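Below is one structure, written out as structure tokens; comments come after it.
The values are calculated or read from the model by the stated rules, or taken from the named source; none is laboratory data. Note that the structure is predicted; figures quoted are calculated from it, not measured. Neighbour counts are summed over all protein chains in view; Cβ atoms, including those assigned to glycine, are modelled from backbone coordinates with ideal geometry. These area figures cover heavy atoms from the full protein model, side chains too; ligands, DNA and RNA do not enter into them. Shrake-Rupley method; radii C 1.70, N 1.55, O 1.52, S 1.80 Å.
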Amino acid sequence: MAQMKKSKISISDQIRLLQYYFPDSQIQHNKNKGFTWLGKLKSSPLGDTYNIKIVFEKKVSPAVYVVDPAELKLAEDKTKLEHVYNHKKQKLCLFYPDGSQWNDSKMVASTIIPWTIEWLYHYEIWLITGKWLGGGKHPNSSDYLNKVKSNI
């Protein structure tokens, strides 16, 4: 069976959907290269609110950062955050960088945003238990780091 080619989603369509679902958020256009989305997300109705920044550029996987709080708390006896690409920048690890989970045929509003909320949810559980229950590949293996470095 022939595989159908995935169609890319335009930057303007990405922005329109983000503005529709998050009208209080801010979007900065980056000259036909992409955009930066700034908005508030909660892990759950009872969870904390976080200021999130998503940097979207053509042909590059979206980068997601927690910008407020400026320094996320750590679970007891932990020295760094779990499941992040960069602890200091609080750049979240939300998907495997091989393109199987994220590619430019997907909407940020229906993939990256829910994955960010899910990360926040597991982060808050990790704060209490000290165990990351969010699954995914842990960024300690050399194969994983080599694939990620090409997308950072």
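What to note about this one:
- Residue that is farthest from residue 108 (Cα to Cα), among those in the stretch 24-42 that are in a loop (DSSP other than H, G, I, E, B) and at pLDDT below 95: 31
- Some residue of the stretch 68-81 being open to solvent by 40 Å² or more (accessible area, probe 1.4 Å) and within 10 Å of the chain's Cα centre (by Cα): no
- Residues of the stretch 31-41 satisfying the condition of being exposed (fewer than 14 other Cβ atoms within 10 Å of the Cβ) and in contact with a strand residue (DSSP E or B) (Cβ under 7 Å, 6 or more places away or on another chain): 33, 40
- Candidate set from the stretch 99-120 (those that are more than 13 Å from the chain's Cα centre (by Cα) and open to solvent by 50 Å² or more (accessible area, probe 1.4 Å)); member that is modelled with the lowest pLDDT: 100
- Just one of the listed residues (96, 50, 65, 21) is modelled with pLDDT of 95 or more and surrounded by fewer than 16 Cβ atoms within 10 Å (Cβ to Cβ), namely 21.
- Residue list for the stretch 80-93, restricted to those being at pLDDT below 95 and outside any loop (DSSP other than H, G, I, E, B): 84, 85, 86
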